[in-house]
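Take a look at the structure set out below.
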Amino acid sequence: MEIREECGVFGIYKKNRNEADSYCAKITYLGLMALQHRGQEACGIAVNNEREIFYHKDVGLVNEVFNDTNISTLTGTMAIGHVRYSTHGSGGKENAQPLVLNYAKGQLALVHNGNIVNYSELRKEYEKTGAIYQTSTDTEIIAHTIARQRLNTASIELAVLAAMKILKGAYSLIILSPNKLIAARDSFGFRPLCYGIKEDGSYVFASETCALDVSNAKFIRDVEPGEIIIIENGKLSSITDLCKTTNGKLCIFEYIYFARPDSTIQGQFVNEARKATGKFLAKLAPVEADVVIGVPDSGVPSAMGYAEESGIKYQEGFGKNRYAGRTFIRPDQLSREAAVRLKLNPLKEYIKDKRVIMVDDSIVRGTTTKIIIKMLRDSGAKEVHVRISSPPFLYPCYYGTDVPNTGQLISYHHNIEEVCDIIGADSLAFLDLDDLKNIAPKLNMGFCDACFTGNYVV
């Protein structure tokens with residue numbers, strides 16, 4: 001798998017407003033740990049004690065950036081947090097979130113998951129009127145847009161509404177103002193966002209329900225596409241002016257790869273959607289084999305679904321080093337192979353002399369898949385049949401997923417037979433587009449499949 005993750009956002013509004021302590025920061029830390037899979041480059045937490053915003057952020061994993069000492073200094077009654085993978089802007093501490101700024105109306109902090117497609121246009125426009133930038137991210141453009149609109153509106157939430165009419169693209173936002181916590185989601189709902197409530201009445205927002213679970217918060221519902229939710233003085237209200245102005249377009253790759261399998265997004269349990277991809281593949285592309293294995297982690301539920309539907313034995317095929325870094329941080333091919341071998345190691349006793357069906361979530365450039373197949377053959381596999389739980393990637397993504405340009409997409413330049421030959425498989429099949437529409441039957445909105453079809457909605 002070579003697709004890079006998105007970002008994850010988290011926020012909490014404490015019910016007990018009389019005590020500004022590190023409780024919110026600690027809960028946010030737990031939430032970010034649960035969302036670590038969505039970004040491993042940088043992370044940060046900002047808190048508000050209703051007078052001032054304090055924050056700490058840096059490059060690295062959550063448990064590397066935060067410790068008891070720095071968390072204890074983040075005292076407040078509201079907090080927001082972020083784990084980052086850069087889909088826009090370079091890495092580095094300066095681009096880590098939350099983004100905190102001072103402007104004419106006071107302080108503002110925000111975290112963002114998504115990608116603003118009119119970023120360049122807005123950046124140039126604001127530069128002409130004197131805007132100075134501290135980062136190279138589109139998140140700063142969101143902040144500038146909200147701050148500018150706040151000068152002409154009666155409240156921060158109305159400024160957010162006005163900004164949403166200007167911003168184009170994907171954004172799930174959580175915003176910290178001096179006395180309000182605000183969550184907002186673009187009118188298409190590209191990126192997920194939900195909220196729940198803890199037993200003490202504290203509200204919690206997160207990219208995925210798994211972060212609510214670790215925070216011991218009861219899921220209430222998903223934030224609707226186009227909705228703005230405001231919490232002030234312990235009371236929740238919402239602005240729905242932009243709701244139902246478009247057909248919802250949740251990124252379908254949340255179910256295939258991005259989200260944790262124990263999350264539920266827009267009514268659909270992710271693990272069941274992944275198993276469904278395997279079942280469809282077993283019907284679409286059956287093959288005689290001895291064992292079905294999945295490439296960890298997102299390929300495993302799909303492999304289980306394939307095995308269940310085909311009647312072929314499922315077997316854990318790889319040991320995984322969970323402390324190895326993501327392969328994309330080592331761009332040259334020699335070190336990429338070493339990185340894959342460091343992360344995954346075939347369980348040779350289960351593979352030797354077997355006809356193997358290997359299920360993975362996608363093929364992007366083909367490099368990693370080719371390495372894994374060679375590893376299986378070196379372990380004694382007689383045959384390796386590859387089944388992919390998504391259609392071929394043919395187009396780049398502009399909404400917060402790092403699907404690269406067409407020059408790097410193997411399926412854009414080669415048909416399935418050619419890709420099969422390049423990666424060294426005995427056979428290859430991808431999930432059919434028609435089946436893709438049915439992997440999440442409980443999904444309560446539409447989905448975006450532009451990376452497979454080129455049908456961009458913005």
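Read the figures in this text as sums done on the coordinates, not as results from a lab. Note that the coordinates shown come from a computational prediction; the quantities given were computed from them, not determined experimentally. Neighbour counts are summed over all protein chains in view; Cβ atoms, including those assigned to glycine, are modelled from backbone coordinates with ideal geometry.
Cα axis of helix 119-128 to longest principal axis of the chain: angle in degrees, 0 to 90, nearest 10?
Computed tilt is about 30 degrees.
Among (1) 22.4, 71; (2) 29.9, 90; (3) 24.1, 81, which one is Rg and Dmax of the Cα atoms in Å computed from these coordinates?
Recomputing Rg and Dmax of the Cα atoms in Å here gives the entry labelled (1).
Once you place label points 7 Å from the Cα toward the Cβ at Ala338 and Thr240, how far apart are they in nm?
My value for the distance between the label points is 5.7 nm.
Under 23 Å Cα-Cα from Lys180, which lysines qualify once same-chain neighbours fewer than 8 residues away are excluded?
Cross-link targets: Lys14, Lys15, Lys26, Lys57, Lys105, Lys165, Lys198, Lys218, Lys235.
Once Rh is set to the Kirkwood radius over Cα pairs, what Stokes-Einstein translational diffusion coefficient, in µm²/s, holds for the stretch 8-246 at a temperature of 10 °C and a viscosity of 1.306 mPa s?
Values: Rh = 17.3 Å.
Once the numbers are plugged in, D ends up at 92 µm²/s.
Apply the Karplus parameterisation 6.51 cos²θ - 1.76 cosθ + 1.60, with θ equal to phi minus 60°, to every residue of the stretch 36-41 and state each ³J(HN,Hα) to the nearest whole Hz, in sequence, with x for glycine and proline.
Karplus-based 3J(HN,Hα) across the stretch 36-41 equals 4, 4, 7, x, 10, 7 Hz.
Compute for the stretch 79-149: radius of gyration divided by Kirkwood radius, i.e. Rg/Rh, restricted to C-alpha atoms, rounded to two decimals.
Details: Rg = 11.7 Å, Rh = 12.6 Å.
Across the stretch 79-149, the Cα-based Rg/Rh ratio is 0.93.
How large is ³J(HN,Hα) for each residue in the stretch 445-452, as worked out from phi by the Karplus curve 6.51 cos²θ - 1.76 cosθ + 1.60 (θ = phi - 60°), to whole Hz, x for Gly and Pro?
Result, ordered by residue: 7, x, 9, 9, 10, 4, 5, 9 Hz.
Which value in deg cm²/dmol, rounded to the nearest 500, describes the helix-derived mean residue ellipticity at 222 nm for the chain, given -39,500 (n - 2.57) per DSSP H run of n ≥ 4 and division by the residue count?
On the way: 16 runs with 133 residues, N = 458.
Taken over the chain, the calculation gives -8000 deg cm²/dmol.
Give me the net charge for the shell around Leu431: Cβ to Cβ below 14 angstrom, other residues only, Lys and Arg +1, Asp and Glu -1. Working shown, then result.
Working: positive: Arg274, Lys275, Lys279, Lys283, Arg387, Lys437; negative: Glu309, Asp360, Asp361, Asp432, Asp434, Asp435, Asp449.
Neighbourhood net charge equals -1.
Which lysines have a Cα less than 17 Å from the Cα of Lys249, not counting those fewer than 8 places away in the same chain?
Cross-link targets: Lys168, Lys437, Lys442.
Identify all lysines with a Cα-Cα distance to Lys354 below 22 Å; exclude those on the same chain that are fewer than 8 residues away in sequence.
Straight-line reach from Lys354, under 22 Å: Lys279, Lys283, Lys313, Lys320, Lys370, Lys374, Lys382.
For the stretch 17-78, which trypsin sites (Lys or Arg not before Pro) pass both filters: DSSP loop (anything but H, G, I, E, B) and at most 14 other C-beta atoms within 10 Å? Mind showing how you got there, number by number?
Values: sites: Arg17, Lys26, Arg38, Arg51, Lys57; in loops: Arg17, Arg51.
Loop-located and lightly packed - Arg17, Arg51.
List the residues, sorted by chain then number, that are 5 or more residues from Ile220 or on another chain and whose placed amide H is less than 5 Å from its amide H.
Tyr195, Gly196, Ile197
Once the Cα atoms of helix 138-150 and of the chain are each reduced to a long axis, what angle between those two axes, in degrees from 0 to 90 to the nearest 10, is obtained?
30
Quick one: Karplus J couplings for the stretch 411-428, per residue in order, coefficients 6.51, -1.76, 1.60, θ = phi - 60°, nearest Hz, x for Gly and Pro?
Karplus values, whole Hz, x for Gly and Pro: 6, 6, 9, 9, 7, 4, 4, 5, 4, 4, 5, 5, 7, x, 8, 7, 7, 8.
Please report the base-10 log of the normalised intensity I(q)/I(0) for the stretch 214-261, using a Debye sum with one equal scatterer per alpha carbon and no solvent, at each q in 0.16 (1/Å).
So the normalised log intensities work out to -0.70.
Given H placed 1.01 Å from N in the peptide plane, which residues other than close sequence neighbours of Val291 have an amide H under 5 Å from its amide H?
Distant-sequence amide H within range of Val291: Arg355, Ile357.
Mind pulling the angle between the C-alpha long axis of helix 333-343 and the longest principal axis of the chain? Nearest 10 degrees, somewhere in 0 to 90.
90
What percent do you get for the relative contact order of the stretch 273-443 when only Cα pairs under 8 Å and 6+ apart count?
Details: 338 pairs, mean separation 40.1, N = 171.
Once divided by the residue count of the stretch 273-443, the mean separation gives 23 percent.
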